[in-house]
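Have a look at the structure below before the remarks.
Bear in mind these aren't lab numbers, they're just calculated from the coordinates by the rules spelled out. Not measured: the values here are computed from a predicted model. A quick note on method: Cβ atoms are made from the backbone with ideal geometry, for glycine too, and the neighbour counts reach across all protein chains shown.
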Amino acid sequence: MIQHYQLSPGDIDVIYNGVDINLFTPQNRIAYRDTVRAKYAIAPDDVLLLFVGSGFKRKGLRHAINALSLINTSQKMKLLVVGKGNIGEYQRFAREKGVFDKLVFAGVCKHIHEIYAGGDIFLFPSEYDAFGTACLEAMASGLPVVVSKASGASEIITHGEDGFIVNHPIDAHEIAKQLQALLEKGTREQMGAVARQKAEGCSFQANIEKTLQVYRKVVDSHS
């Protein structure tokens with residue numbers, strides 16, 4: 001907008017999407033974690049990566065699978081894919097990469113807050129996304145996130161504190177490197193707690209207040 005309309009950065013107010021911090025909360029793990037894992041045959045000690053979003057190509061599912069194949073660890077891992085898309089081609093790709101047994105497709109899930117409760121890391125290597133509300137939902141649920149710079153949600157993430165920002169979504173090695181860092185449970189929990197704090201500042205109420213502030217500023221400037 002600044003370039004196209006030749007505006008001053010000071011004339012632009014950015015208001016990010018809001019999230020229901022009461023629905024998406026770390027406390028959901030108590031009620032849903034074991035149930036979700038049992039439903040999708042995820043072992044209690046598996047590190048569960050979550051990929052949420054329909055339109056698998058644009059959301060970067062291929063890059064996620066590729067990165068999973070590059071992680072060098074004895075730790076058991078699974079990638080749970082939630083959303084609508086052509087499952088077959090990604091199953092074939094996962095088989096080619098030797099991680100077919102680590103891939104689980106859940107389809108479209110109505111109660112997505114329960115899914116977050118079962119996960120450990122949120123992975124979102126999108127090739128383009130204006131924002132990606134799923135990232136904010138995951139953060140509110142207490143999950144550290146690995147997100148590409150091509151997603152607008154990367155603007156609310158502090159690299160190395162509440163998640164990791166990947167510069168290029170097609171760089172599977174970079175994605176794998178960040179995921180590797182999150183295999184340590186203590187690191188995940190610490191970053192997940194910071195992610196929750198960040199998400200609390202993006203609640204629906206905070207979103208409304210920020211919007212009202214912009215309205216007031218515009219009205220005052222024309223008074």
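Things to note:
- In the range 13-27, residue surrounded by the most Cβ atoms within 10 Å (Cβ to Cβ) [restricted to those that are of a type in the set (A, V, I, L, M, F, W, C) and under 13 Å from Glu200 (Cα atoms)]: Val19
- Pairs are defined by a Cβ separation below 8 Å, a sequence spacing of at least 6 or placement on different chains, a first member in the range 100-115 that is farther than 15 Å from Gly53 by Cβ and free of Cβ contacts under 8 Å to residues at least 12 places away in the same chain, and a second member that is in a helix (DSSP H, G or I) and of a type in the set (S, T, N, Q); the pairs so defined are Phe100/Gln91.
- Selection count, the range 44-103, where residues are among the polar types (S, T, N, Q) and assigned to a helix (DSSP H, G or I): 3
- Of the criteria (1) within 23 Å of Gly186 (Cβ to Cβ); (2) part of a helix (DSSP H, G or I); (3) not polar (S, T, N, Q), which one Phe122 fails: (2)
- Of the set (1) in contact with a Gly (Cβ under 8 Å, 6 or more places away or on another chain); (2) buried (at least 23 other Cβ atoms within 10 Å of the Cβ), all apply to Ser154 but (1).
- Test: residue in the range 68-78 that is in contact with a strand residue (DSSP E or B) (Cβ under 6 Å, 6 or more places away or on another chain), buried (at least 22 other Cβ atoms within 10 Å of the Cβ), charged (D, E, K, R) and in contact (Cβ under 8 Å) with a residue 24 or more places away in the chain: yes
- Number of the condition not met by Asp101 [criteria: (1) within 11 Å of the chain's Cα centre (by Cα); (2) under 23 Å from Arg33 (Cα atoms)]: (1)
- Single condition Ala41 does not satisfy, out of (1) touching a residue at least 40 places away in the same chain (Cβ under 8 Å); (2) surrounded by 17 or more Cβ atoms within 10 Å (Cβ to Cβ); (3) hydrophobic (A, V, I, L, M, F, W, C): (2)
- Any hit, the range 8-22, residues being within 18 Å of Arg188 (Cα to Cα) and touching a residue at least 24 places away in the same chain (Cβ under 8 Å): no
- Set side by side, the residues Ala176, Ala199, Ala138 differ, and just one is small (Gly, Ala, Ser), touching a residue at least 24 places away in the same chain (Cβ under 8 Å) and more than 23 Å from Arg62 (Cα to Cα), which is Ala199.
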